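Quick notes on the structure that follows.
The values are calculated or read from the model by the stated rules, or taken from the named source; none is laboratory data. What you see is a predicted model, and the numbers here were worked out from it, not measured in a lab. Quick reminder, even Gly has a Cβ in these numbers, built from the backbone with ideal geometry, and neighbours come from all protein chains shown. Only protein heavy atoms, including side chains, enter the accessible area calculation; ligands, DNA and RNA are left aside. Shrake-Rupley method; radii C 1.70, N 1.55, O 1.52, S 1.80 Å.
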Amino acid sequence: MPNFYYLNEEPQPSGVHEIHADGCKFLPLKKVYLGYFSNSEEATRNAKQFYKYVSVCEHCNVDVQFALPQ
């Protein structure tokens, strides 16, 4: 699902930085704007430019519509 994606600057206890879609209720205050992508896989590829260990937030890892009206 196309959306704006962000990367949490603060890692999880495991060392992984989470990727969030715009509108996620867990979107952190300290974040890096990744850009507008067609899906979370594209956002993940981009996020690996910043940190080696990244993953998509489990709440954002489903095709939900947040920012863009249909």
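Structure summary
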| read-out | value |
| --- | --- |
| Close pairs (8 angstrom Cβ cut-off, 6 or more residues apart or separate chains): under 16 Å from residue 48 (Cβ atoms) in region 10-23, basic (Lys, Arg) and modelled with pLDDT of 95 or more anywhere | 20/31 |
| Selection count, region 19-33, where residues are open to solvent by 20 Å² or more (accessible area, probe 1.4 Å) and either of a type in the set (Val, Ile, Thr) or touching a Pro at 6+ places or on another chain (Cβ under 8 Å) (or both) | 1 |
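Residues are listed down the side, and each one gets a yes or a no for (1) open to solvent by less than 70 Å² (accessible area, probe 1.4 Å); (2) assigned to a strand (DSSP E or B); (3) modelled with pLDDT of 95 or more:
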| site | (1), (2), (3) |
| --- | --- |
| 1 | yes, no, no |
| 6 | yes, yes, yes |
| 10 | no, no, yes |
| 35 | yes, yes, yes |
| 44 | yes, no, no |
| 60 | yes, no, no |
| 63 | no, no, no |
| 66 | no, no, no |
| 70 | no, no, no |
